[in-house]
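In what follows, a single structure is set out as structure tokens and then discussed.
The values are calculated or read from the model by the stated rules, or taken from the named source; none is laboratory data. This is a predicted model, so every value here is computed, not measured. FYI the Cβ positions are ideal-geometry reconstructions off the backbone, even for glycines, and counts take in every protein chain you see.
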There are 2 protein chains.
Amino acid sequence: MITSKKALEIILNHTEDFGVEEIPFIEATGRILKEVIVADRDFPPFNRVSMDGIAVVYAVFTSGKRIFSIEGVQAAGSPQLELQTTENCFEVMTGAVLPKNVDTVIPYELVVISDGKATVQIEEVKQFQNVHLQGKDRKANDPLLKINTVISPAEIGVLATVGKATVKVAKQPKVMIISTGDELVEVSENPLVHQIRRSNSYTLVALLERLHIQAATAHITDDKPLLKQKIEQFLKDYDVLLFSGAVSKGKFDFVPEVLDELGVKKLFHRVKQRPGKPFWFGVKDALNISERGGNKSFGLSGQNRDECHSERVKPSEESHTLVFAFPGNPVSTFVGCVKYFYPWVKKTMDIGFENKQKAILAEDYFFKPELTYFLQVKLENNNGMLYATPITGNGSGDLANLADADAFLELPDDRNAFKKGEAFPLIRYR
Amino acid sequence: MITSKKALEIILNHTEDFGVEEIPFIEATGRILKEVIVADRDFPPFNRVSMDGIAVVYAVFTSGKRIFSIEGVQAAGSPQLELQTTENCFEVMTGAVLPKNVDTVIPYELVVISDGKATVQIEEVKQFQNVHLQGKDRKANDPLLKINTVISPAEIGVLATVGKATVKVAKQPKVMIISTGDELVEVSENPLVHQIRRSNSYTLVALLERLHIQAATAHITDDKPLLKQKIEQFLKDYDVLLFSGAVSKGKFDFVPEVLDELGVKKLFHRVKQRPGKPFWFGVKDALNISERGGNKSFGLSGQNRDECHSERVKPSEESHTLVFAFPGNPVSTFVGCVKYFYPWVKKTMDIGFENKQKAILAEDYFFKPELTYFLQVKLENNNGMLYATPITGNGSGDLANLADADAFLELPDDRNAFKKGEAFPLIRYR
């Protein structure tokens, strides 16, 4: 049995580069940017009027002139006009180009307009006031968005502004979620007394959606030949298999055995943690990888991205398949996904995978076994301090307790008393 | 000009009930639950074996017996078996029903099996050990999920378990996002020197997606008759119109005027805040509402949900249309959406709309004007304490600065010095 820390380390040593794809920018929210976005022009691209009003020549104003004949109107979206007579002014609109030969914008509020003349009501102005000067925010070719940025609405706006109608983002791994167990029936079915409905698969689907991964699902009955045949195909078609259940020592827990027969190498089985101790993790190595120069080898990052997934569903000859087999109890599966699979995806995408989030324990807590304990907690932000109150349920089978809590607090395995006021690593799931 | 607090108050006094719809549970993540979910049976529904091993009679074990003949195997998903001879045992699998007449499960690790007999290697057991007793977690009809819960992966699992293949959730308002301004061109176009690309509309689309609202978008040129014709139709077809731009005092800022002519009542224009001062908010009252008994009146909540949106695109005779017209600068539009539109949606859905999130200012900050200031900040969780470092950009036009920050810190308008270490309301956008 290995520690939770060691388990995570092994998993993170098996990240892989799934390449890059180009998608419409408006569908890119939540995806990972895989190109640097630079300013295509200065921001703003011209001396931009930032208040509705009149534009005058500063030197003429300071020489004492307060009444200006209006030469015309500079509207937003119109080509730049040019002041013909320096004693005159233009009416100018927010968003418009500042006309040639003027340099100072006085808002309508400070001007009276009648008979084609504007009379200014103030005695002091600053040159270039209410003008957003060309290139003030960013210069052409300035980097605006870094590679490996998680695209949020703020980035969507930047992509639109610089004309990135399509954008390069990290490809997602192809994931298959597999449930096993003859006791499971479909959600729409009425279970017999000894049956229960499938739920872990759907929880996993929803957890993966948060990472913008659309996973496939399959249910296989406890029939070894069928299990083997199906898994063999899945190993060819998918980058990652997520199992829930069938990894303990039961007579019908064929999964570890079948994986072994199919050449999936076990990297660990059983982790010093609660819940989720019987977690099994393994890898099916690429076929012929040495012959292919190993360009899909583990840890490779940032190179050859466009070569992946280009023609077939999944390039099984080129890449590995990882197998995360979580214990079947609902809370165990849940912890397995957010504690191990999430950071694996993040490292695969080259974004920060180390968990720096912490929360402060709101009451003393005791946990005896020498195991990392994932304590379910309810969170509260109290004046910028994040407090975690334990919501202890009835153990790993108590699915409903997940709905009562917000997060897991990760309590280390080297002691059994956890004091109120101390901060521990936090894994939020809502 | 009104305060930001007053503006929010007015907006929140105009929430409305958009009714309920029933959707497949697997599509419900992020939506708001509009029914109580109860346990359809006990959790677990039977005395459930929680370790692979053998099941014996406790009294027989304590009387000294250590070698048990195996009567059979109780697999998960099989109907309950019954022990015929109390001196015997069953092999039992995790997830299986505990067979009749046995009460104690001993894991395989503590048993040696050969020749159809199981020899127990320990001297002490507890009755009902490794049995998850029926109803221990929840009893049939216990409430599992409250009404008005935001559905997360944890809730998806609960919905699956109790067989809610479809689930009642809050309907979303129908939202139209409208940009105006002749200076705007499409993202895929190359702007002329006096033009820029549309970006605010797409930022708003992405911000609304975070609330699981699929908004429509339209761009209208600065042509008053066209603007009027389009807006008239949108007022009929949508619950909410979000404008960006065209609400200041420019010659071509027809929006407030057109809204007025179309019977949209201005509730405020201009808010004591930066950025986003020229924010305009109004409401188009329902037609014939008195004749219809006013069952879509403001603030109504929890009743008549199923009556809404049942037949037509939008029941314009029954309901109001709200108009949020944000100033066109990118940061102004952004603040308008997260500070005002988000809480409005939340209150409309009957979920917590009061912002209790705060962060601690990481350095002193000064802001002179008597305005609520939405300071852009970068967040860091330091041992459970959330620190906000100012990322001051070049003002409301500086779109790229939004991508450098994580959130807004809301600095009150009643002073101009904000001290390091003090906590202020936080509006996160990533």
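Do we find that A:Asp285 is within 18 Å of A:Phe18 (Cα to Cα) and either of a type in the set (A, V, I, L, M) or modelled with pLDDT of 95 or more (or both) in this structure? No. From the list A:Leu192, A:Leu98, A:Leu110, the lone residue that is among the hydrophobic types (A, V, I, L, M, F, W, C), within 30 Å of A:Ala216 (Cα to Cα), within 12 Å of chain B (Cβ to nearest Cβ) and without any contact (Cβ under 8 Å) to a residue 60 or more places away in the chain is A:Leu192. A residue that is modelled with pLDDT under 95, closer than 30 Å to A:His269 by Cβ and either part of a strand (DSSP E or B) or polar (S, T, N, Q) (or both) occurs somewhere in the range A:14-30. Evaluation of B:Gly163 against the conditions (1) under 45 Å from the mean Cα position of the chain (by Cα); (2) in a strand (DSSP E or B) shows that the sole unmet condition is (2). Does B:Leu409 qualify as being of a type outside the set (Val, Ile, Thr) and in a strand (DSSP E or B)? Spelling it out, B:Leu409 is indeed of a type outside the set (Val, Ile, Thr) and in a strand (DSSP E or B).
Would you mind stating whether B:Leu426 is touching a Pro at 6+ places or on another chain (Cβ under 6 Å), modelled with pLDDT of 95 or more and either on the phi < 0 side of the Ramachandran plot or among the β-branched types (Val, Ile, Thr) (or both)? Answer is no for this residue. If you go through the range B:1-49, how many residues are more than 23 Å from the chain's Cα centre (by Cα) and closer than 30 Å to B:Gln74 by Cα? Looking only at that region, the number is 11.
Could you tell me whether any residue of the range B:82-98 is within 30 Å of A:Arg430 (Cα to Cα), among the hydrophobic types (A, V, I, L, M, F, W, C) and out of contact with any Leu (no Cβ under 9 Å at 6 or more places or on another chain)? No; the residues of the range B:82-98 include none that is within 30 Å of A:Arg430 (Cα to Cα), among the hydrophobic types (A, V, I, L, M, F, W, C) and out of contact with any Leu (no Cβ under 9 Å at 6 or more places or on another chain). For the range B:331-347, the criterion of being out of contact with any strand residue (DSSP E or B) (no Cβ under 7 Å at 6 or more places or on another chain), closer than 22 Å to B:His269 by Cα and among the polar types (S, T, N, Q) is met by no residue.
Every test in (1) farther than 23 Å from B:Ser396 by Cβ; (2) modelled with pLDDT of 95 or more is passed by A:Thr149 save one, and that test is (1).
Inspect all residues belonging to the range B:394-404 and state whether any of them is over 28 Å from A:Lys136 (Cβ atoms) and within 8 Å of chain A (Cβ to nearest Cβ). No, the range B:394-404 contains no residue that is over 28 Å from A:Lys136 (Cβ atoms) and within 8 Å of chain A (Cβ to nearest Cβ).
Within the span defined as the range A:51-60, every residue fails to be in a helix (DSSP H, G or I), within 14 Å of another protein chain (Cβ to nearest Cβ) and either crowded, with 21+ Cβ neighbours inside 10 Å or more than 21 Å from the chain's Cα centre (by Cα) (or both). So is A:Ile156 assigned to a loop (DSSP other than H, G, I, E, B), hydrophobic (A, V, I, L, M, F, W, C) and closer than 30 Å to B:Leu208 by Cα or not? No; evaluated as a whole, the condition is false for this residue.
The residue that is farthest from B:Ser179 (Cα to Cα), among those in the range B:228-266 that are of a type in the set (A, V, I, L, M) and part of a loop (DSSP other than H, G, I, E, B), is B:Leu262. Can you find even one residue in the range B:342-363 that is within 26 Å of A:Lys356 (Cα to Cα) and away from chain A (no Cβ under 12 Å)? Within the range B:342-363 (the criterion being within 26 Å of A:Lys356 (Cα to Cα) and away from chain A (no Cβ under 12 Å)), the answer is yes, since at least one residue qualifies.
Within the range B:365-391, residues that are at positive phi sit with their Cβ atoms under 8 Å from residues that are aromatic (Phe, Trp, Tyr), at 6+ positions apart or across chains, in these pairs: B:Gly384/A:Tyr387. Of the residues contained in the range B:322-337, none is found to be in a strand (DSSP E or B), modelled with pLDDT of 95 or more and not hydrophobic (A, V, I, L, M, F, W, C). Taken together, the residues in the range B:169-224 that are surrounded by 21 or more Cβ atoms within 10 Å (Cβ to Cβ), at pLDDT 95 or above and in a strand (DSSP E or B) amount to 7.
When A:Ala154, A:Ala218 are screened for being away from every other protein chain (no Cβ under 14 Å) and hydrophobic (A, V, I, L, M, F, W, C), only A:Ala218 passes. For B:Glu71, are the conditions met, namely being within 14 Å of chain A (Cβ to nearest Cβ), more than 26 Å from A:Tyr202 (Cα to Cα), outside any loop (DSSP other than H, G, I, E, B) and among the charged types (D, E, K, R)? Taking the combined requirement at face value, the residue does not satisfy it. The set of residues from the range A:243-269 being within 13 Å of chain B (Cβ to nearest Cβ) and within 25 Å of A:Pro173 (Cα to Cα) comprises A:Ser244, A:Gly245, A:Ala246, A:Val247, A:Val255, A:Pro256. Based on this model, can you work out whether B:Thr94 counts as at pLDDT below 95 and polar (S, T, N, Q)? The answer is yes for B:Thr94. Residues that are within 13 Å of chain A (Cβ to nearest Cβ), in contact with a Phe, Trp or Tyr (Cβ under 8 Å, 6 or more places away or on another chain) and crowded, with 19+ Cβ neighbours inside 10 Å were ranked within the range B:75-95; the one that is farthest from A:Asp253 (Cα to Cα) is B:Leu81.
Just one residue in the set A:Ala118, A:Ala160 is more than 9 Å from every other protein chain (Cβ to nearest Cβ), crowded, with 18+ Cβ neighbours inside 10 Å and in contact with a Phe, Trp or Tyr (Cβ under 8 Å, 6 or more places away or on another chain); that residue is A:Ala118. For the range B:195-209, the tally of residues that are facing another protein chain (nearest Cβ under 7 Å) and out of contact with any helix residue (DSSP H, G or I) (no Cβ under 6 Å at 6 or more places or on another chain) stands at 5.
Could you grab me the full set of residues in the range B:340-383 that are part of a loop (DSSP other than H, G, I, E, B) and buried (at least 22 other Cβ atoms within 10 Å of the Cβ)? Selection gives B:Met349 alone.
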